[in-house]
Amino acid sequence: MDDRRFAARSAIEALRAGVPNSFSVRALGCDQPRVERAFTEQLDAAGRSDSVEGLLIRGDFGTGKSHTLSYLGELALDRRFIVSRVYVNKETPLHDPAKLFQGAADNITLPTRTGPAFLEIANQLVFNSQPYREFERWVNQAANALDPRFAASLLLFERFQSDHEFRDHLIRFWAGGKLAVGALRTRMRQIGSSFPSCYTSLRDMAVQRFQFASRLMRAAGYAGWVLLVDEVELLGTYSALQRAKSYIEIARLMDRGDEAGLPGAPIVPVLAITDDFTRAVLEEKDDLGKIPVLMKARAAVADAGDFQLAVDGMRSLAENGLSLKRPDVNTLDETFARIRSLYSTAYDWEPPSATPPRREHSTPLRAYIRRWITEWDLRRLYPDAQVEVETADWQTDYREGQHAGTGDREPAKNQSLIDDVLGDIA
């Protein structure tokens, strides 16, 4: 199989499964020029400064938020940014910064390399280079108030270059793992240094991990860290206190110029949320009124300085953001032509050119695409069969406790038949 056919087959297989990959995202492109321009400005700013304000994109279900995030990720990879894609769900709740960091660390895509991300990043460090020495100075500045394990781990990583097992422990710590203080003290004594007693809360540690990891990436020669956070609207299903904590984390990500954000961290955050979140959660659930009262009643939270952050986070969701335009007739026709050409290249089979795209206003673009591909699959494999594919709409549910997953949201009445056919195709 030649490279062109392989790329087309990979794109079609990903689109059929509803899990787009790099091939399919690049083949489809992105018809959101305002968002692309704003994101490019973010990337440019990350090259000049360590403080980049977050970008919020909003749109109804079906306007292409997830595809737009994927496309932005491809743009960032082309410019040597490391990219993490995080879906808000049970495993990565937005109100828990430790799990948010772990989700970001576990879902890293490197521009030109594969394999364990932090291992690859660590292998790119050049100890005598200017970027590394600048990073080292930053880590050791007392004003940064970092947990001392970061400075110690960096020093020991350089000193114990032949102890690969120990270095692996240090790399796992940078990626979010644990690092025993006793082991650090022992190693520090071996090189004639001491290690101070320390305690950092899990929440503060998570913020510091973002700071450390993003600068580590830059020291390794990368442009920065792009953090793509999808399905932010699912925080509407949390309890009131969890929503309050989530708004705090949103404020940290969005307002990067404030000292309450992630200072000194070359991170480019992009968040995606549904258009109806403001009405359904901030207004109808009255979070704008209830959350401040709740936080004032919980002195431990308010005393930590998080009260204003929660308010800022809600205001950011209510007032900021770029709205995605829904695909129009021209976009559908152009997409249909692209997918048809890809399919033809992938399988050396010409799909019917007269198949018109359905133009229901509420149908998401990916539903069109999966419909076309499924229909062509059936026609190609069963040329004598009568083919009819049905799709169903999805409505976002903001009831508390209704934690939606991150998979396909388009139930199909004929799913068992489609699964059988796809099994034949595979």
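The values are calculated or read from the model by the stated rules, or taken from the named source; none is laboratory data. Note that the coordinates shown come from a computational prediction; the quantities given were computed from them, not determined experimentally. So basically every Cβ, Gly included, is an ideal-geometry build from the backbone, and we count neighbours across all protein chains shown.
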Original post:
What number of residues in the range 311-332 are in a helix (DSSP H, G or I) and surrounded by 14 or more Cβ atoms within 10 Å (Cβ to Cβ)?
Top reply: 10
Original post:
Out of the range 47-74, which residues are out of contact with any helix residue (DSSP H, G or I) (no Cβ under 9 Å at 6 or more places or on another chain) and either surrounded by fewer than 22 Cβ atoms within 10 Å (Cβ to Cβ) or acidic (Asp, Glu) (or both)?
Top reply: Gly47, Arg48, Ser49, Asp60, Phe61
Subject >> Residue in the range 102-125 that is touching a Phe, Trp or Tyr at 6+ places or on another chain (Cβ under 6 Å) and either in the same structural domain as Pro266 (by TED's automatic domain parsing) or surrounded by fewer than 16 Cβ atoms within 10 Å (Cβ to Cβ) (or both) present >> reply: no
**OP:** Could you figure out which of (1) modelled with pLDDT under 90; (2) touching a Pro at 6+ places or on another chain (Cβ under 6 Å); (3) surrounded by 13 or more Cβ atoms within 10 Å (Cβ to Cβ) isn't true of Asn144?
**Re:** (2)
Subject >> Among the candidates Ser201, Ser194, residue that is exposed (fewer than 12 other Cβ atoms within 10 Å of the Cβ), touching a helix residue (DSSP H, G or I) at 6+ places or on another chain (Cβ under 9 Å) and among the small types (Gly, Ala, Ser) >> reply: Ser194
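Within the range 190-224, work out how many residues are basic (Lys, Arg) and at pLDDT below 90.
Counting residues in the range 190-224 that are basic (Lys, Arg) and at pLDDT below 90 gives 1.
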**OP:** Kindly list the number of the only condition in (1) modelled with pLDDT under 70; (2) in contact with a helix residue (DSSP H, G or I) (Cβ under 6 Å, 6 or more places away or on another chain); (3) exposed (fewer than 15 other Cβ atoms within 10 Å of the Cβ) that fails for Trp349.
**Re:** (1)
Original post:
Considering Val281, Val229, Val268, which residue is of a type in the set (A, V, I, L, M), assigned to a helix (DSSP H, G or I) and either modelled with pLDDT of 90 or more or farther than 13 Å from Leu94 by Cα (or both)?
Top reply: Val281
Original post:
Looking at Ser214, is it free of Cβ contacts under 8 Å to residues at least 40 places away in the same chain, closer than 26 Å to Asp306 by Cα and among the small types (Gly, Ala, Ser)?
Top reply: no
**OP:** Please specify each residue of the range 40-76 satisfying the condition of being within 20 Å of Leu324 (Cα to Cα) and not in a helix (DSSP H, G or I).
**Re:** Glu53, Gly54, Leu55, Leu56, Ile57, Arg58, Gly59, Asp60, Phe61, Gly62, Thr63, Gly64
